[in-house]
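This report concerns only the one structure given below.
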Amino acid sequence: ASNNKFFVGGNWKCNGTKDSITKLVSDLNSAKLEADVDVVVSPPFVYIDQVKNSLTDRIEISAQNSWVGKGGAFTGEISVEQLKDLGCKWVILGHSERRHVIGEDDQFIGKKAAYALSEGLGVIACIGEKLEEREEGKTFDVCFKQLKAFADAVPSWENIVIAYEPVWAIGTGKVATPLQAQEVHAAVRDWLKTNVSADVASATRIIYGGSVNGGNCAELAKQEDIDGFLVGGASLKGPEFATIVNSVT
Ligand code: G3P
């Protein structure tokens with residue numbers, strides 16, 4: 001990890017019921033979490049209120065998506081204003097499942113990020129290559145293009161955490177090796193230095209996501225440019241998520 005404050009997010013995706021979330025929240029409330037780590041969980045929209053009302057304030061809440069502008073006649077969408085009303089501090093944008101399953105493109109995601117930031121939400125900005133792109137040697141090209149779309153859209157990087165999530169590692173059990181992850185994280189930091197500023201490059205947290213679990217987090221956390229994690233499956237288990245939070249070095 002760099003000198004930046006470690007950041008660990010749990011992305012619950014489209015999982016859970018009122019009952020399973022009651023249990024997860026109670027496990028999180030009783031977990032011992034290292035003090036010097038920002039900890040965030042991201043429940044499905046419909047459970048945000050339940051989580052906000054039962055979870056310790058030690059852990060902040062993120063949404064998994066937000067509408068691109070002010071709310072109104074947008075059937076099925078959730079606005080940034082509504083998320084703030086429920087007590088959310090963060091929103092995950094550009095997740096690969098939204099890019100590749102739902103079809104959101106770089107520009108749309110950039111606009112969402114700019115709008116969320118303008119309303120005071122922090123943005124967990126996701127980037128990452130697919131397997132075939134890695135095999136074709138295009139990992140950096142893909143990540144930089146996604147990064148540039150965020151950079152072109154946002155006025156400031158103060159409230160952004162970048163999540164590098166190689167698509168081939170998400171939900172597959174195939175975690176990137178510490179060196180594979182470190183290589184991309186270092187390149188992302190370098191891109192920020194060249195294209196945004198040296199200050200933004202050193203102050204921006206770059207977290208890794210993709211099959212992180214209680215067993216592999218410690219080695220990843222040792223890498224110089226890995227400032228935390230965005231955890232999917234393993235964040236549905238309170239004690240394991242706590243182990244990942246506590247892997248800060
Ligand atoms: O956003 C987190 C994520 O996509 C990683 O999921 O299940 O591989 O940890 P998972």
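The values are calculated or read from the model by the stated rules, or taken from the named source; none is laboratory data. Just so it is clear, the model here is predicted, and its values are computed rather than measured. Positions of Cβ are backbone-derived with ideal geometry, glycine not excepted, and every protein chain shown enters the neighbour counts. With ligands, DNA and RNA removed, areas are computed over all heavy atoms of the protein, side chains included. Shrake-Rupley method; radii C 1.70, N 1.55, O 1.52, S 1.80 Å.
Observations
- Taking every residue in segment 148-165 that is more than 13 Å from the ligand (Cβ to nearest atom) and pairing it with any residue that is at pLDDT 95 or above and part of a strand (DSSP E or B), at least 6 positions away or on another chain, the pairs with Cβ-Cβ distances below 6 Å are F150/A125; N159/G122; I160/V123; I160/A125.
- Only residues that are buried (at least 19 other Cβ atoms within 10 Å of the Cβ) and within 23 Å of G76 (Cβ to Cβ) were counted in segment 14-40, giving 2.
- Condition broken by S2, with the remaining ones in (1) buried (at least 19 other Cβ atoms within 10 Å of the Cβ); (2) at pLDDT below 95 satisfied: (1)
- Matching residues in segment 170-203 - criterion: being part of a helix (DSSP H, G or I), in contact with a strand residue (DSSP E or B) (Cβ under 8 Å, 6 or more places away or on another chain) and aliphatic (A, V, I, L, M): A181, V184, V188
- Segments classed as helices (runs of 4 or more DSSP H), wholly inside segment 106-160, with at least 2 members that are crowded, with 20+ Cβ neighbours inside 10 Å: 106-118, 139-153
- Reported count of residues in segment 83-97, each being within 11 Å of the ligand (Cβ to nearest atom) and open to solvent by 60 Å² or more (accessible area, probe 1.4 Å), is 1.
- Any hit, segment 55-72, residues being of a type in the set (S, T, Y), over 16 Å from the mean Cα position of the chain (by Cα) and over 18 Å from K112 (Cβ atoms): yes
- When residues of segment 193-249 are limited to those that are in contact with a Ser or Thr (Cβ under 8 Å, 6 or more places away or on another chain) and hydroxyl-bearing (S, T, Y), the one farthest from the ligand (Cβ to nearest atom): S202
- Failed criterion for Q180 (all others in (1) within 16 Å of the ligand (Cβ to nearest atom); (2) open to solvent by less than 40 Å² (accessible area, probe 1.4 Å) hold): (2)
- When S96, S79 are checked against the criterion of being among the polar types (S, T, N, Q) and without any contact (Cβ under 8 Å) to a residue 60 or more places away in the chain, S79 stands alone in meeting it.
- Pairs meeting the criteria (first residue in segment 194-222 and without any contact (Cβ under 8 Å) to a residue 40 or more places away in the chain, second residue of a type in the set (V, I, T) and open to solvent by 10 Å² or more (accessible area, probe 1.4 Å), beta carbons under 6 Å, at least 6 apart or on different chains) are G214/T243.
- Being within 16 Å of the ligand (Cβ to nearest atom), closer than 23 Å to N213 by Cα and among the basic types (K, R) holds for only one residue in K32, K5, K23, K13, and it is K13.
- Residue pairs meeting the criteria (Cβ under 9 Å; at least 6 apart or on separate chains; first open to solvent by 50 Å² or more (accessible area, probe 1.4 Å), in segment 231-249; second among the basic types (K, R)): G233/K13; L236/K13; N246/K32; T249/K222
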